[in-house]
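Before any comments, here is the structure.
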Amino acid sequence: MISSSCDLKQFMEEIKDREYSDIIYLADQEAVEAWRQSRRRKDAHGSDKGTWARYADILDAFIQFMRYGVKPPGIDHAELQLFRLVRDNTMPKPYTGPGLST
């Protein structure tokens, strides 16, 4: 895991200079591991389990935002700003070279 403490800012800092496809892949891997951690902690106190589950949900929302550019439900303004920062800096640019009519 990139952030073993469920810190979205730490995760975003780690992936910010990666390519678009790598970001999607790493976010998916992080979300799956966070989901697994939330299931493993079913006997633990609810707050710890809830932290892992919330982190997994945020990462799933981030993946959706990266793919479609639409604000997912349940995401607050600060999280959305982090999402936008990464997406704006990593989205593949459309091809505008020879052979395309405008």
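Close Cβ contacts (under 9 Å, 6 or more residues apart or on different chains) running from residues in the range 83-102 that are closer than 16 Å to residue 26 by Cα and modelled with pLDDT under 90 to residues that are in a loop (DSSP other than H, G, I, E, B) and not charged (D, E, K, R) comprise 91/69.
Within the range 33-49, the residues that satisfy the criterion of being touching a helix residue (DSSP H, G or I) at 6+ places or on another chain (Cβ under 8 Å) and either at pLDDT 95 or above or surrounded by 13 or more Cβ atoms within 10 Å (Cβ to Cβ) (or both) are 34, 35, 37, 38, 41, 49. For the range 57-101, a residue qualifies if it is exposed (fewer than 15 other Cβ atoms within 10 Å of the Cβ) and small (Gly, Ala, Ser), and the qualifying residues are 69, 74, 78, 97, 99, 101. Among residues of the range 6-24 being touching a Ser or Thr at 6+ places or on another chain (Cβ under 9 Å) and not in a helix (DSSP H, G or I), the one that is nearest to residue 57 (Cα to Cα) is 6. Residue pairs whose Cβ atoms lie under 7 Å apart, separated by 6 or more positions or on different chains, with the first residue in the range 1-29 and among the acidic types (Asp, Glu) and the second at pLDDT 95 or above and part of a helix (DSSP H, G or I), are 28/63.
Provide a single number: the residues in the range 1-32 that are of a type in the set (Gly, Ala, Ser) and either more than 23 Å from residue 67 (Cβ to Cβ) or modelled with pLDDT under 90 (or both).
So the count comes out to 3.
The values are calculated or read from the model by the stated rules, or taken from the named source; none is laboratory data. This is a predicted model, so every value here is computed, not measured. Positions of Cβ are backbone-derived with ideal geometry, glycine not excepted, and every protein chain shown enters the neighbour counts.
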